[in-house]
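The values are calculated or read from the model by the stated rules, or taken from the named source; none is laboratory data. Bear in mind that the values here come from a model prediction, so they are computed numbers and not experimental data. Reconstructed Cβ throughout: ideal geometry from the backbone, glycine too, with neighbour counts over all protein chains shown.
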Amino acid sequence: MGPAAARDFDRLVGGLSLPSGASADLARLFSEPVPSRDRNSTDWYGPGDKIYTALTSLPEEQRTEVLARVDESLAALQGESERLKGAGDPQGELLASAITVPSPRADYIYVARDKADPARWYPVLVGWGHANDAPSRAGALPKAMVRERPAELPPAFVREAVAPVFASAPAMVLTDQRRSRWWLLLWLALTLLLLLIAWMLLRACGMGLPGYGIFHHIGEAFCPGTAVAATTGDLDRSRELGNELRRLQLEILKKQIACANETRQAEASRPPGNQPSSAPGSDRSGSGPSASDIDRRLKEAKAATGDFQISLAWDGNADLDLRVFCPDGEEISYSRRSGCGGTLDIDMNGPKNQSTTPVENVFWPEGQVPKGKFRIAVVLYERKGDTRPTIPFQIRIKDGANVRTVSGSVSQERKLVDVTEVVR
């Protein structure tokens, strides 16, 4: 969402229908973004009767409690987003984008306490709707504001008394540092050429200051014939420099066109949103663990097997979650480990069981596999410091004696990526 967060805030909060029994935290989890006058930064607003404290300034045990409460709220909103998308409601896509938080997410969480009763609190997100797929695209770290509320606010923010409790650094700048070096050198060369041409033209017209060289012609008649005759060679060099300038300008234009074509080709080659195997989960940065490596990891983790088995394997510290949707619509995942006869018995890189060679496993005992279509998906729950633009993975499917693998990758936190389907 990024800069569109301010535009979509009213539509997001106004259209949010809380799940039955949901905590009131869901309704006030999102702070209100207000762009600055120059549009280079964003202020994040909350009710003015609160005291706001950055999560990173709290003791460890309090940070753990707040993070658990935020994870619970985000999981509930994720479920609501999937329900809305399944019903064809565009509010589902908006909600899915809004619950994206830059990493590390602890830097974007504040605690709002009542001024009258500090024991009452709830978590607040700033910087929501932003994603950082690479270090050069990291979200701007928010800082607590100390100034009063701006004199002017957009009409949308007049409906409730608010106080400016957070501010972000200048908006994210998405640049590729590797490409900017040659660009800077070309512009520097153009600047030097322009300065040299200007100096040659001044000499041709007999302009300068008393002294030697370029300062010699001050006080002489403007563009006298003798001066023009004496500087014919300089004019020839000026024409040559002008030709060189035009050549460099053409070279810059060619490189700009080439960069634009590369960008269009990359976007055209990116798979559409909901395709199995070759969709957003299709692997473009590596194939992930090999089949033999997956078997080894399952044995080391003492994973159960059966008539039907689905396993997920990837490399690194990131927390990926395997999601299996049964024919009757039940979901098997870390939050609901059993369904339609199947069980998730191995779950890695969550709060416990951290590994750099993780694996997850869902299995059905013999004779307990229902008939119908199984939908397999993966969610990048948290990067945990992994800076790769995409994280590749492998899905291993064992159906009786048949075993096959499906490659995929994920890039955006908390986004459900469909990988493949199995019909039994």
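The table below lists the values:
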{"item": "Some residue of the stretch 94-107 being more than 16 Å from the chain's Cα centre (by Cα) and farther than 20 Å from Lys384 by Cβ", "result": "no"}
{"item": "Residues satisfying the stated conditions in the stretch 80-102, i.e. closer than 22 Å to Gly46 by Cα, out of contact with any Asp or Glu (no Cβ under 7 Å at 6 or more places or on another chain) and hydroxyl-bearing (Ser, Thr, Tyr)", "result": "Ser97"}
{"item": "Residues (part of a helix (DSSP H, G or I), without any contact (Cβ under 8 Å) to a residue 40 or more places away in the chain and crowded, with 16+ Cβ neighbours inside 10 Å) located in the stretch 72-107", "result": "Ser81, Leu84, Lys85, Gly92"}
{"item": "Pair list, Cβ under 6 Å, 6 or more apart: the stretch 401-415 residue touching a residue at least 40 places away in the same chain (Cβ under 8 Å), other residue charged (D, E, K, R) and buried (at least 18 other Cβ atoms within 10 Å of the Cβ)", "result": "Thr405/Arg396; Ser407/Asp283; Gly408/Asp283; Ser409/Asp283"}
{"item": "Residues being of a type in the set (Asp, Glu), modelled with pLDDT under 85 and within 21 Å of the chain's Cα centre (by Cα) - total across the stretch 47-93", "result": "1"}
